[in-house]
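Engineer: Dropping the structure in here first, questions after.
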Amino acid sequence: MSEVSGDIGQGFVHLRNRSPYSVLEGAIPIKKMVALAGANNMPAIGLTDTNNLFGALEFSEVLSGAGIQPITGCTLSIRLGEPRPGDAARPDGTIALLVANEAGYRNLLKLTSAAFLEVGPTEPAHITAEKLFAHTEGLIALTGGPDSVLNRLVVDDHKDEAGNWLSRLQTAYGDRLYIELQRHGRREELIAENWLVEQAYDRDLPLVATNECFFPDRDMHSAHDALLCIAESQYLTVEDRRRVTPDHFFASGEEMRARFTDLPEAIANTIEIARRCSYRPRTHEPILPSFPTEVGRDELEELRAQAEVGLKARLEVVDPAAPVEDYEARLKFELEVIGSMGFPGYFLIVSDFIKWAKNHDIPVGPGRGSGAGSLVAWALTITDLDPLRFGLLFERFLNPERVSMPDFDVDFCQERRGEVIRYVQEHYGADHVAQIITFGTLQARAVVRDVGRVLQMPYGQVDACQD
């Protein structure tokens, strides 16, 4: 990772970039950010996707690999008070948080998780002000631009409330709070700016100039406008809808300095912030959970004991496809491999929740994929396929020469799979259980139809364009 250096008076760092992980909102691929930062001689850039850290690790690895300092952050939606009875909770605006150190990263993980887990099923992702202020250590706060809680209060002429909110932020973040100014030509920015600058000088708070970058260059503004329409199921001709300006692109340092010639310190503070952000997330080896065993037994001994009992029970009710000695030799071999690779706990845990599901009459699939080649899995009732009978290879599932995490494909009844997840959360601890996300992408043919729709073109005409 490169150090942020150079003439502070001439430097500028973009702190507010959106990647495609801001789904149907950001349109700067992370690899493109590398090219943009390099072309504009920026030694660091920040990522502040909306309410999530989905891209944080990729951003960190890709940029640091290119010699550019990644600044991890997030644009979080904030709710100030409780909704009226019967109303769904809605955020009052945003704030931008940047990671200064490891404690800050851990706090930002907690905040982004709460934004999705601590809201109602029909409510947009957001956190409460109380949650925000409970996790401030290690985070640098930018007041948030025209969509922020602070700016919205100012624009709505609630200046006393705006002052109170700013005081709360100042108390919580101290010298890690920056008043953020943006100049995209939006009316809200013009209304709020004088008040923000006055407050910064009156309270001895630093200013910082940012540009919310949603797309790489001005030429992409029209395409990005169509993307926002796709996200909100709107037509381009609709006036009252979300829009961004052509200036919401990755502007050069020269362009940013030209916008803020009257406030050079706001430009210089982007470099100061970059220097204060010394942490980046890194890849690490998988952290495997532990399985509770009987006193005096380690996980491998527990796995061996359960597998031997399970195999014996299996062979008592089926006709063996090979001599019993072959089954025992295969079991011994697999246990040695599983033990040497450090995966006994994984097998025990998967077996545990599958047994629980079967004991509670929840339908479970017989097993599919390479995991069906494991005799240990059959003995533990993870699968219902005898691998010796069907000539299935264990090495396709686990191979010491090609170390990778084991991955059982387990099918539960769609209507009752939630019960299994709840059992795992309750038995092993909710903070030890996570579900894997899948990111959808806009496929070429489908997106052409989506663009045709927002342009209000007949589908027949759109399809003819693709033929």
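Engineer: Looking at the chain, send over the antiparallel percent of its DSSP beta bridges, to the nearest 5. Before the final figure, lay out the partial values.
Structural biologist: On the way: 12 of 30 bridges.
Close to 40 percent.
Engineer: Additional query: For the range 311-463, what does the accessible surface come to per residue with a 1.4 Å probe? Please give it in Å². Please report the intermediate quantities before stating the final value.
Structural biologist: Values: 8930 Å² over 153 residues.
Normalised by residue count, the accessible surface of the range 311-463 is 58 Å².
Engineer: Here's a follow-up. Rounded to the nearest 500, what is the chain's calculated 222 nm mean residue ellipticity when only DSSP H runs of at least 4 contribute -39500 (n - 2.57) each, over all residues? Could the numbers behind the result be given before it?
Structural biologist: Working: 18 runs with 205 residues, N = 467.
That calculation yields -13500 deg cm²/dmol at 222 nm.
Engineer: Which distance in Å, rounded to a whole number, links the C-alpha centroids of the range 25-81 and the range 119-176?
Structural biologist: 21 Å
Engineer: Take every Cα-Cα distance within the range 1-109, group them into 5 Å bins from 0 onward, and report for each bin the whole-number percent of pairs it holds.
Structural biologist: 2, 12, 20, 21, 17, 12, 7, 4, 3, 2, 1, 0
Engineer: Treating each Cα of the range 127-217 as an identical point scatterer and ignoring solvent, apply the Debye formula and state log10 I(q)/I(0) at q = 0.18 Å⁻¹.
Structural biologist: Calculated log10 I(q)/I(0) at the listed q: -0.80.
Engineer: Suppose a student asked you for the relative contact order of the chain, using Cα pairs under 8 Å spaced at least 6 residues apart; what percent would you report? Mind showing how you got there, number by number?
Structural biologist: Numbers: 748 pairs, mean separation 60.4, N = 467.
Relative contact order comes out at 13 percent.
Engineer: While we're on this one: Kirkwood Rh over Cα pairs of the range 273-376 into Stokes-Einstein at 37 °C, 0.692 mPa s: D in µm²/s? Display every interim value, and only then the final one.
Structural biologist: Values: Rh = 16.5 Å.
In µm²/s, the coefficient rounds to 199.
Engineer: About the Cα centre of the chain, what is the dipole size in debye to 20, counting +1 per Lys and Arg Cβ and -1 per Asp and Glu Cβ, all else neutral?
Structural biologist: Using Cβ point charges on Lys, Arg, Asp and Glu, the chain gives about 480 debye.
Engineer: So which of K31/K131; K332/K355; K110/K358; K312/K358; K110/K355 end up more than 29 Å apart by C-alpha?
Structural biologist: Details: K31/K131 33 Å; K332/K355 23 Å; K110/K358 34 Å; K312/K358 19 Å; K110/K355 32 Å.
With Cα atoms farther than 29 Å apart: K31/K131; K110/K358; K110/K355.
Engineer: Treating only the Cα positions of the range 418-463 as identical point scatterers, give the base-10 log of I(q)/I(0) from the Debye formula at each q in 0.14, 0.21, 0.32, 0.33 Å⁻¹.
Structural biologist: Here the Debye-derived log intensity ratios amount to -0.54, -0.71, -1.05, -1.08.
Engineer: Further, regarding this structure: Relative contact order for the range 169-302: what percent, with Cα pairs under 8 Å and sequence separation of 6 or more?
Structural biologist: On the way: 114 pairs, mean separation 30.9, N = 134.
Computed over the range 169-302, the figure is 23 percent.
Engineer: Using only the alpha-carbon atoms of the range 80-168, report the extent along each of the three principal axes, biggest first, to the nearest angstrom.
Structural biologist: 37, 31, 19 Å, listed from the longest principal axis down.
Engineer: Rounded to the nearest Å, what's the spacing between the alpha carbon centres of the range 211-244 and the range 421-462? Just the number, please.
Structural biologist: 20 Å
Engineer: Ignoring ligands, DNA and RNA, please state the percent of accessible area on the chain from carbon and sulfur, probe 1.4 Å.
Structural biologist: Details: 11730 of 23170 Å².
For the chain, the apolar C and S fraction of the accessible surface comes to 51 percent.
Engineer: For the peptides 251-261, 404-414, 79-89, what is the packing order when you average, over each peptide's residues, the other Cβ atoms within 10 Å and list the highest mean first? Write out the running numbers ahead of the final one.
Structural biologist: Working: 251-261: 15.8, 404-414: 13.8, 79-89: 11.0.
My ranking of the peptides, most packed first, is 251-261, 404-414, 79-89.
Engineer: Right, here's the next one. If you average 1/r over all unlike Cα pairs in the chain and invert the result, what Kirkwood radius do you get in angstrom? Write down the numbers at each step before the final one.
Structural biologist: Working: mean 1/r = 0.0388 Å⁻¹.
Computed over the chain, the radius equals 25.8 Å.
Engineer: Follow-up. Provide Rg over Rh for the range 169-320; use the alpha carbon set for both Rg and the Kirkwood Rh (inverse mean inverse pair distance).
Structural biologist: Numbers: Rg = 28.9 Å, Rh = 21.5 Å.
Dividing the radius of gyration by the Kirkwood radius yields 1.34.
The values are calculated or read from the model by the stated rules, or taken from the named source; none is laboratory data. Source: prediction; values computed, not measured. So basically every Cβ, Gly included, is an ideal-geometry build from the backbone, and we count neighbours across all protein chains shown. Quick note on the areas: whole protein, heavy atoms, side chains included, nothing else; ligands and nucleic acids left out. Shrake-Rupley method; radii C 1.70, N 1.55, O 1.52, S 1.80 Å.
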